[in-house]
Amino acid sequence: MKHRCVLDASAAAAVLFREPDSEVVGRHLFQVGGLVVPQLFELEVANVARKKVLRNELGWETARTCLAELDTWPMEIAMVTWSQAWNVARESDLTLYDAAYLCLARRRQLALLTLDRALQMAAGTRSVL
């Protein structure tokens, strides 16, 4: 039986925008049965796309097409409150955005798939990469 995991924006962006680590992340995504993400996930990934457009790495329509791929991914969007993220951020020295992913992984007792080094360090053995 495939297990679920928490996916963060850095790992998702690598796959969506065919970045260098996309193959490594893609292999892990193939092995999971479902993804759990905090409510800020889609906005974070969309912001990555916006930055790529502003740096002339992608056009607006290409970015939109890549983002639309998210709609096909088996994701559950889970609520993480500011106070839950605040407590994790305080103890781990992460941004509140990153702390939301770690908070969710801890609460659900799931692995965390991220390319963010600080988040990997804070997640410890919970980090997949």
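Kindly indicate the residue of the stretch 96-125 that is polar (S, T, N, Q) and not in a loop (DSSP other than H, G, I, E, B) and also farthest from the chain's Cα centre (by Cα) among those meeting that condition. The selected residue is Thr125.
You will find that of Val45, Val6, Val25, the residue that is within 25 Å of Ala85 (Cα to Cα) and outside any helix (DSSP H, G or I) is Val6 and no other. When Val128, Val88 are checked against the criterion of being under 14 Å from the mean Cα position of the chain (by Cα) and either closer than 21 Å to His3 by Cα or buried (at least 18 other Cβ atoms within 10 Å of the Cβ) (or both), Val128 stands alone in meeting it. Annotation: of all residues in the stretch 57-95 being among the hydroxyl-bearing types (Ser, Thr, Tyr) and assigned to a helix (DSSP H, G or I), the one that is nearest to Ala123 (Cα to Cα) is Ser92.
The residue that is surrounded by the most Cβ atoms within 10 Å (Cβ to Cβ), counting only those in the stretch 65-84 that are among the aliphatic types (A, V, I, L, M) and in contact with a strand residue (DSSP E or B) (Cβ under 8 Å, 6 or more places away or on another chain), is Val80.
Table: residues versus (1) among the basic types (Lys, Arg); (2) in contact (Cβ under 8 Å) with a residue 12 or more places away in the chain; (3) out of contact with any His (no Cβ under 8 Å at 6 or more places or on another chain); (4) under 24 Å from Cys103 (Cβ atoms).
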position	(1), (2), (3), (4)
Pro20	no, no, yes, no
Arg27	yes, no, yes, no
Gln39	no, yes, yes, yes
Leu43	no, no, yes, yes
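The residue of the stretch 4-55 that is nearest to the chain's Cα centre (by Cα), among those that are of a type in the set (Gly, Ala, Ser) and buried (at least 19 other Cβ atoms within 10 Å of the Cβ), is Ala9. Scanning the stretch 61-96 for residues that are in contact (Cβ under 8 Å) with a residue 40 or more places away in the chain, among the acidic types (Asp, Glu) and more than 14 Å from Arg107 (Cβ to Cβ) yields a single hit, Glu69.
Bear in mind these aren't lab numbers, they're just calculated from the coordinates by the rules spelled out. The structure presented is a predicted model; accordingly, all values stated were derived computationally and were not measured. In this analysis, Cβ positions are derived from the backbone assuming ideal geometry, glycine residues included, and neighbour counts consider all displayed protein chains.
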